[in-house]
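For reference, the structure discussed in these notes is given below.
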Amino acid sequence: MASVAPQGDFENKRIAIAMLPRYQEVELNGVSKKLLIKNLVQTSILFLVILLFCGYVFYYTEENFLITIVAIAAFVLFSFLCFNAWKMQKIYGYALRERDIIYRKGFLVTKTTVISFNRIQHVSISRGVLDKMLGIATLSIFTAGGSGSDISIPALEPELAQTLKEALVIKISEDGDASIQ
């Protein structure tokens with residue numbers, strides 16, 4: 001058996017958890033208020049489709065009681081989705097730091113994601129029809145090993161989304177160059 005010569009002293013020092021930076025203390029940037037409008041429009045369209053279906057079934061069947069229950073349930077769902085969209089608007093936030101990006105979303109269940117720049121594979125900007133009408137864009141950040149985007153920051157002004165994308169691409173290339181050397 002061949003022995004491997006040591007390359008130098010190997011160290012694996014313990015990290016004091018209390019000394020780690022706390023992402024909770026970072027002030028996050030909010031997203032555009034137009035996200036609330038987008039969510040309310042999408043929810044209203046869904047509610048309208050359900051009501052049209054209920055009206056059609058109500059008109060052509062004898063099961064009026066069942067359709068009334070479905071319409072009431074749809075109204076309760078619509079109310080909850082509107083309330084949820086309003087509350088989530090206050091929660092959405094993102095921040096770029098020297099070495100990572102932080103993203104927070106959710107109302108009932110809040111999720112905060114912190115991604116190191118050296119894990120980011122690529123960044124894209126998307127704009128649907130409603131996004132274009134409202135003048136907003138979504139920045140999606142993809143990491144190694146992920147099946148989809150790990151972070152999708154909605155309701156950014158298109159110019160801001162482009163600026164963030166360019167900043168992230170520069171950070172990705174800097175981290176890639178540093179790991180090659």
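Structure values in brief
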read-out: Failed item, numbered, when residue 94 is tested on (1) touching a helix residue (DSSP H, G or I) at 6+ places or on another chain (Cβ under 7 Å); (2) within 22 Å of residue 23 (Cα to Cα); (3) not aliphatic (A, V, I, L, M); value: (1)
read-out: Test set (1) surrounded by 12 or more Cβ atoms within 10 Å (Cβ to Cβ); (2) within 36 Å of the chain's Cα centre (by Cα) - residue 57 fails condition number; value: (2)
read-out: Test: residue in the stretch 27-35 that is under 30 Å from residue 156 (Cα atoms), surrounded by 10 or more Cβ atoms within 10 Å (Cβ to Cβ) and touching a Leu at 6+ places or on another chain (Cβ under 6 Å); value: yes
read-out: Selection status of residue 173, of a type in the set (S, T, N, Q), more than 22 Å from residue 30 (Cα to Cα), at pLDDT below 90 and not in a strand (DSSP E or B); value: yes
read-out: Criterion violated by residue 55 - all others in (1) outside any helix (DSSP H, G or I); (2) farther than 22 Å from residue 135 by Cα satisfied; value: (1)
read-out: Residue 116 surrounded by fewer than 15 Cβ atoms within 10 Å (Cβ to Cβ), at pLDDT 95 or above and of a type in the set (Gly, Ala, Ser); value: no
read-out: Single unsatisfied condition, residue 79 versus (1) hydroxyl-bearing (Ser, Thr, Tyr); (2) exposed (fewer than 13 other Cβ atoms within 10 Å of the Cβ); (3) under 12 Å from the mean Cα position of the chain (by Cα); value: (3)
read-out: Odd one out for residue 93, checked against (1) in contact (Cβ under 8 Å) with a residue 60 or more places away in the chain; (2) in contact with a strand residue (DSSP E or B) (Cβ under 6 Å, 6 or more places away or on another chain); (3) surrounded by fewer than 16 Cβ atoms within 10 Å (Cβ to Cβ); value: (3)
read-out: Hits in the stretch 107-138 (condition: more than 22 Å from residue 21 (Cβ to Cβ) and in a loop (DSSP other than H, G, I, E, B)); value: 107, 108, 109, 127, 128, 135, 136
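The values are calculated or read from the model by the stated rules, or taken from the named source; none is laboratory data. This one's a predicted model, so the numbers in the text were calculated from it and none came from an experiment. Note that each Cβ is placed from the backbone with ideal geometry, even for glycine, and that neighbours are counted across all protein chains shown.
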